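Below is one structure; the comments refer to it alone.
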Amino acid sequence: MGNAFCICFGCIDQASIGVIERWGRFDRLAQPGFNFFNPFAGECLAGVLSTRISSLDVKIETKTKDNVFVQLLCSIQYRVVRQNADDAFYELQNPKEQIQAYVFDVVRAHVPRMTLDELFEQKGEVAKAVSEELEKVMGAYGYSIEHILMVDIIPDASVRKAMNEINAAQRLQLASVYKGEAEKVFLVKKAEAEAESKYLGGVGVARQRQAITDGLRENILNFSHKVEGTTAKEVMDLIMVTQYFDTIKDLGNSSKNTTVFIPHGPGHVRDITDQLRNGLMEASSAKINVD
């Protein structure tokens with residue numbers, strides 16, 4: 001009955017593991033829940049380790065291959081392996097300092113082989129190298145490395161400013177190229193449109209003159225047949241005088257015309273008539289040649 005009163009007990013949390021010693025020597029691990037141990041038999045609860053995932057942020061300052069000093073913020077997530085909790089309890093006095101020392105060693109061995117741009121592009125490779133080294137070393141001490149994240153890469157302020165200026169200059173250069181290409185396309189399209197417009201304008205003028213020529217021809221023929229004794233020249237003079245006064249009338253009716261007047265009179269219509277007559281004759285001759 002006396003021994004029954006000497007038996008003690010303890011409760012271990014779910015996310016923890018206990019270490020029980022007998023006469024100062026490791027005896028066994030106490031699993032989560034209710035545990036008995038006999039202090040008169042030399043048993044005692046030496047300590048309790050948490051098996052939750054712990055996080056350690058490590059800030060490392062190093063230099064890249066192109067001589068740029070950078071600060072790297074690395075986050076290590078680790079936990080105690082339940083089956084090897086005795087190693088974690090007895091082997092390392094301060095596991096955080098041990099992990100930090102290995103992270104420093106691995107990062108400062110890999111980063112100086114990379115340029116700053118390569119470091120930004122391959123930061124996952126650096127984290128992988130740190131993870132492999134820590135798993136190999138810390139696994140022997142009862143710790144498991146869950147994740148390693150390269151949280152941030154911070155170059156010197158002057159380097160960041162220079163990088164931003166380089167990036168801005170490159171973007172401005174690219175924008176200038178795109179702007180020049182756009183202006184080139186605009187000018188080409190504008191030239192093509194002007195050429196097409198002039199071509200269509202020329203076709204329109206040619207058709208207009210052809211229509212005028214055909215109309216005048218019909219008027220002259222009709223007038224010559226209906227009024228006996230008139231010649232084609234007289235009919236042409238009459239039509240030109242009529243168009244002359246119609247033009248003057250149109251100019252007088254419109255208030256928005258900008259007109260430059262030169263010395264003229266009805267007598268000058270004869271000169272215009274001669275020019276139109278010559279044009280009609282040339283057009284008729286060209287038409288006959290084409291036919």
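The values are calculated or read from the model by the stated rules, or taken from the named source; none is laboratory data. The shown structure was predicted, so the numbers you read here are calculated from the model rather than taken from an experiment. Quick reminder, even Gly has a Cβ in these numbers, built from the backbone with ideal geometry, and neighbours come from all protein chains shown. Just the protein is used for accessible areas: all its heavy atoms, side chains included, with ligands, DNA and RNA removed. Shrake-Rupley method; radii C 1.70, N 1.55, O 1.52, S 1.80 Å.
Can you report the number of residues in region 80-119 which are under 22 Å from A46 (Cα atoms) and either surrounded by 19 or more Cβ atoms within 10 Å (Cβ to Cβ) or acidic (D, E) (or both)?
Within region 80-119, residues that are under 22 Å from A46 (Cα atoms) and either surrounded by 19 or more Cβ atoms within 10 Å (Cβ to Cβ) or acidic (D, E) (or both) number 7.
Report, ordered by the first and then the second residue, all pairs with beta carbons closer than 6 Å, sequence separation of six or more or different chains, a first member in region 9-28 that is under 18 Å from V80 (Cβ atoms), and a second member that is of a type in the set (S, T, N, Q) and open to solvent by less than 30 Å² (accessible area, probe 1.4 Å).
Pairs found: A15/T51; I17/T51.
Quick one: D87 ticks every box in (1) under 33 Å from the mean Cα position of the chain (by Cα); (2) in a helix (DSSP H, G or I); (3) in contact (Cβ under 8 Å) with a residue 40 or more places away in the chain bar one, so which box is it?
For D87, the failing item is (1).
When you check Q77 against the structure, is it open to solvent by 30 Å² or more (accessible area, probe 1.4 Å) and not in a strand (DSSP E or B), yes or no?
No: the conditions fail for Q77.
Yes or no: L56 in contact (Cβ under 8 Å) with a residue 40 or more places away in the chain and either assigned to a strand (DSSP E or B) or open to solvent by less than 20 Å² (accessible area, probe 1.4 Å) (or both)?
Working: in contact (Cβ under 8 Å) with a residue 40 or more places away in the chain: yes; either assigned to a strand (DSSP E or B) or open to solvent by less than 20 Å² (accessible area, probe 1.4 Å) (or both): yes.
Considered against the rule, which asks whether it is in contact (Cβ under 8 Å) with a residue 40 or more places away in the chain and either assigned to a strand (DSSP E or B) or open to solvent by less than 20 Å² (accessible area, probe 1.4 Å) (or both), L56 comes out as yes.
Kindly list the number of the only condition in (1) without any contact (Cβ under 8 Å) to a residue 60 or more places away in the chain; (2) more than 30 Å from I153 (Cβ to Cβ) that fails for R82.
(1)
Residue by residue through region 120-171, note down the ones that are hydrophobic (A, V, I, L, M, F, W, C) and loosely packed, with under 10 Cβ neighbours inside 10 Å.
Result: A157, single match.
T247: out of contact with any Cys (no Cβ under 6 Å at 6 or more places or on another chain) and either modelled with pLDDT of 80 or more or open to solvent by less than 60 Å² (accessible area, probe 1.4 Å) (or both), yes or no?
Spelling it out, it is not the case that T247 is out of contact with any Cys (no Cβ under 6 Å at 6 or more places or on another chain) and either modelled with pLDDT of 80 or more or open to solvent by less than 60 Å² (accessible area, probe 1.4 Å) (or both).
One line per residue, one yes/no per condition, for (1) touching a Leu at 6+ places or on another chain (Cβ under 6 Å); (2) among the hydrophobic types (A, V, I, L, M, F, W, C); (3) more than 30 Å from A127 (Cα to Cα); (4) at pLDDT 85 or above:
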residue	(1), (2), (3), (4)
G2	no, no, yes, no
G10	yes, no, yes, no
D27	no, no, yes, yes
G33	no, no, yes, yes
N38	no, no, yes, no
A41	no, yes, yes, no
V48	no, yes, yes, yes
D57	no, no, no, yes
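Quick check: anything in region 111-120 among the polar types (S, T, N, Q) and either in a helix (DSSP H, G or I) or modelled with pLDDT of 90 or more (or both)?
Among the residues of region 111-120, not one is among the polar types (S, T, N, Q) and either in a helix (DSSP H, G or I) or modelled with pLDDT of 90 or more (or both), which makes the answer no.
Identify all residues within region 121-162 that are within 30 Å of A88 (Cα to Cα), under 24 Å from the mean Cα position of the chain (by Cα) and part of a helix (DSSP H, G or I); write none if there are none.
Residues satisfying the conditions are K123, G124.
Look at M150 and say whether it is modelled with pLDDT under 80, of a type in the set (A, V, I, L, M, F, W, C) and within 26 Å of L73 (Cβ to Cβ).
No: the conditions fail for M150.
Quick check, is Q71 surrounded by fewer than 17 Cβ atoms within 10 Å (Cβ to Cβ) and in a strand (DSSP E or B)?
yes
Got a number for residues in region 90-131 being free of Cβ contacts under 8 Å to residues at least 24 places away in the same chain and under 18 Å from I53 (Cα atoms)?
3
Say whether the condition of being at pLDDT below 70 and of a type outside the set (F, W, Y) is met by at least one residue in region 200-211.
yes
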